[in-house]
Amino acid sequence: AALAAAALLELGLPAGLSGVLIAAPLLLREREPLAAAAGVLAAVALQTLALDPDAFPVTSIVAIVCASYAIGAYADGGPAVAGLLAFAAGTTLHAALAHPDALAPALLGGTLVPWTVGRIRRGQRALMREASDKADQAERDRERDARAAVTVERMRVARELHDAVAHNISVIAIQAAGAQGVAERDPGRAAQVVALIEEMVGEALAELGRLADDAESQPSLAGVDALARAF
C-alpha cells in the first residue's frame, strides 16, 4: 500500500497507476513469493513499454528489491535458487534493453543482494523457531517430570498409609478377639484390652494425620521397643 501510494505521488495520474500495478503482486510475497516476483517483473516491463524507457521510477526499483528479497526470505531451498536465477535473468534482460548503463546495479543491488539478505533472514527465523520449539519441549518435559514425581510421592504415601493402618487394625483385631474370651473371666484384663484398642485407634488416627500433612518425621528405630510392647 505504501509503495502504491508512493508511485502515485512520484508519477502522478495516470502514469502512477502503473506503479500500483507493480506493487499489487507484492501482496502475495509471503504465500507465493515466486508468483509475486514474476508479477512485479511483468508489470515493470509493461511500465517501461508504456512510459519513457529512459525513466526508471524509484518505486519500481524498490518493488524489484522487495520481490527479490521475498524469493530469498519465503521460498524453500530449491525454488529459491531457481527463482533467483529466473529473476536475475529477467532483471538483466530488462536492464540490457532499457537501461544498459544500469546492468550491474540491476543484477547486484536489485537482485543478488536482496535475495541474500532474504536467505539470511529466513535462516534467522528458522533458528528462532527451533529455539522456541526446544524451549516448549523442555517445558513439557519439566511438567511431565513434575507429574511423575507427584505420582511417586502419592504411591509412597499410599504404601505408608497401608502399612500403618494395616498394623494398627491387625493389633485391634487380635486384641478384640482375645477380649471376647476374657471379658467374663477377667474383667480387669478385658479393660486393659479395651484401653489398648483405644490406644491403637489413636495411633492410627495420628498416623493418618501425619501422612496427610507430612508434619512429622519418618518412623525410626527409636520406636521399636514401643512397637513390640504394643503386641
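The values are calculated or read from the model by the stated rules, or taken from the named source; none is laboratory data. None of the values given here were measured: they were computed from a predicted structure. We place every Cβ from the backbone using ideal geometry, glycine too, and count neighbours over all the protein chains shown. Ligands, DNA and RNA are stripped out before the accessible areas are found, and what is left, the full protein with its side chains, is counted by its heavy atoms. Shrake-Rupley method; radii C 1.70, N 1.55, O 1.52, S 1.80 Å.
Points worth noting:
- Length released on extending from His162 to Asp145, taking residue separation times 0.36 nm less the Cα-Cα span: 3.6 nm
- Segment Ala50-Ile174, extension gain: residue separation times 0.36 nm, minus the distance between their alpha carbons: 33.7 nm
- Protection proxy ranking for 68-78, 140-150, 119-129, using the average of other Cβ atoms within 10 Å per residue and placing the highest first: 68-78, 119-129, 140-150.
- Stretchable slack from Asp136 to Leu28, in nm (0.36 nm times residue separation minus alpha-carbon distance): 35.8 nm
- Prolate/oblate/rounded label for the range 1-110 (Cα gyration tensor, a/c 1.5): oblate
- Share of carbon and sulfur in the accessible heavy-atom surface of the range 4-44 [1.4 Å probe, %]: 71 percent
- When each of the peptides 1-13, 103-115 is scored by how many other beta carbons lie within 10 Å of its residues on average, the order from highest to lowest is 103-115, 1-13.
- Approximate spin-label separation Ala126-Ala5, in nm, with each point projected 7 Å along Cα-to-Cβ: 3.6 nm
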